[in-house]
1. Could you list 270, 161 so that the one with the fewest beta carbons within 10 Å of its beta carbon is first and the one with the most is last?
2. Rounded to a whole number, what is D in µm²/s for the stretch 1-63 from Stokes-Einstein with the Kirkwood radius over alpha-carbon pairs (25 °C, 0.890 mPa s)?
3. Pulled fully out, how much extra length does the chain show between residue 262 and residue 142, if you take 0.36 nm times their separation in residues and subtract their Cα-Cα distance?
4. How many nm separate the modelled label positions at residue 106 and residue 179, each set 7 Å beyond the Cα in the direction of the Cβ?
5. Output wanted: per-residue J couplings in Hz (rounded whole) for the stretch 313-324, from phi through Karplus 6.51 cos²θ - 1.76 cosθ + 1.60, θ = phi - 60°, x for Gly and Pro.
6. Give me the one-decimal nm value for the distance between modelled label points at residue 240 and residue 254, 7 Å along each residue's Cα-to-Cβ direction.
7. Which number comes out as Rg/Rh for the chain once both Rg and the Kirkwood Rh are worked out on C-alpha atoms?
8. Using a Gaussian network model of the chain whose springs link C-alpha atoms within less than 10 Å, name the residue from 179, 193, 119 with the highest mean-square fluctuation.
Amino acid sequence: MAMSTWRADTLESYEREKFPEDISIENALLCEKYSDELLPASWDDAIFWLKKSLDIRETLYGKDSLQNISLYERMAYIYADKPSYNNALKWYRKALRIREKAVGKSDLSLVEDYVCIAQIYRYRKDYEEYAKNIFHAKHIEEDNRPTENPVSFYVYQELADYYSKRCWAGYKEGEALPQQTEEDIRLQKEALQNMVASAQKEYGAESCEAVACLEKYIHDIKLPVQERLEIAGKILKIYYANIDTFERYKKSYCPLNDFINHTTSRIAADIWFSWSTDFWFPWTIGKKRNLDRTSIGWGIKWIKENISEEIAEKLIMRFNPTDQKMIREIISQEQMKEPVN
C-alpha cells in the first residue's frame, strides 16, 4: 500500500523536529501531536503516530505502566471510530487490566473504560455483554460516589441507550422490526431524567454536559411538542451564550467530547423538526424519510419570535443561499404554522 501524503509529510517534519535522543518523552509528545492533527482526516495515520509514541513510552515506563493508560484508551477510541471494534476492545481491556492491577477492581477510575467497552458491544449488537459492562460501571459508581449524586451522567446516558436498544437482541434481517416494551420505554425515560439531573448536579445547569444531556432527553423520547420546544429554546440560549466553551470540545477526540459535540449540534434541529410530518425522532421511524425543508423555515421563525432574533440570524447563515431565501420568505409571513403533534 502506498504511503499517504499525510504520513510522508509528517515523517519529514518528525525528522526535522525530533530530539536527538530517540527514546525521549519529547519525541513521544511530538508523535502524539501529529496523531491529533491527522484526526479525523486519516485514522490509519493517526494510529501510526500513536503507536510510535507508545513504542517510546513503553520503552521509557514499561508495558504495564499507569503512565501509558490514557494512550491505550485513546488508541481504543480511534479504532472504535475507524471502526475496528475488535482492536478497540483489545486496547480498552489492556487499559482496564493495568488500572485494575494498580487500584483494585472497584475504583471510580475504572468506570469510563467499562462504559466505553459497553459502547463497543452496543455497536456490535451484543446486548448481553453490553448490559454486563454498563451495569458493572453503575454498581462501581453507586458504591463509591457521593450519596447526593451517586451515578455520573455518562453511565445513565449509556443505560438509556441500552433500554432503547435491547429489544433488538436476537433480531434477524427480514423479520418485523422489534418494538420497545412499555417497561423499557419507562426505564429509558427514567435513565434520561437521571442523566440530566446528574449532569446538572455535578457540572451546573448551564454546563456543556447539562446542555448535551437535556438535548438527548428531548430528542430520544416522545414529549408534547410545546414542552420540547421550550426546553430546546432554553438550551439554545445557553449554547450561544457559551459558544466558545462548546467549540473547545470539538478540538479533542474522546467519547465524552463526542457525546457533547453530537448532541449540542442537534439543538436547532429539535426545534425545526417539530414542524415536520416526516421522519426524524425515534417514534416516527416507520414513516418515509423525505424531509420537507420548509419545516426548517418554520422552526427558525419560532426561534426568532420566541428565543432571539440574533440566534435566528446566526442559524439562517448556516444554510445555503437557496435555503436562506426560503427561510426568510417563511419568516416574513404574518401567520405562524402550528408544529406537528
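1. Sorted ascending by nearby Cβ count, the order is 161, 270.
2. 208 µm²/s
3. Value of the extension gain: 40.5 nm.
4. Once both label points are built, they end up 4.3 nm from each other.
5. 5, 4, 5, 4, 5, 7, 9, 6, x, 5, 5, 4
6. Taking the two extended label points, one gets 3.1 nm.
7. Using Cα coordinates only, the ratio equals 1.01.
8. 179
Laboratory data are not the source of any read-out in this text; all were calculated from the coordinates shown. None of these values were measured; they are calculated from a predicted model. All Cβ positions, glycine included, derive from the backbone under ideal geometry; neighbour counts span all protein chains shown.
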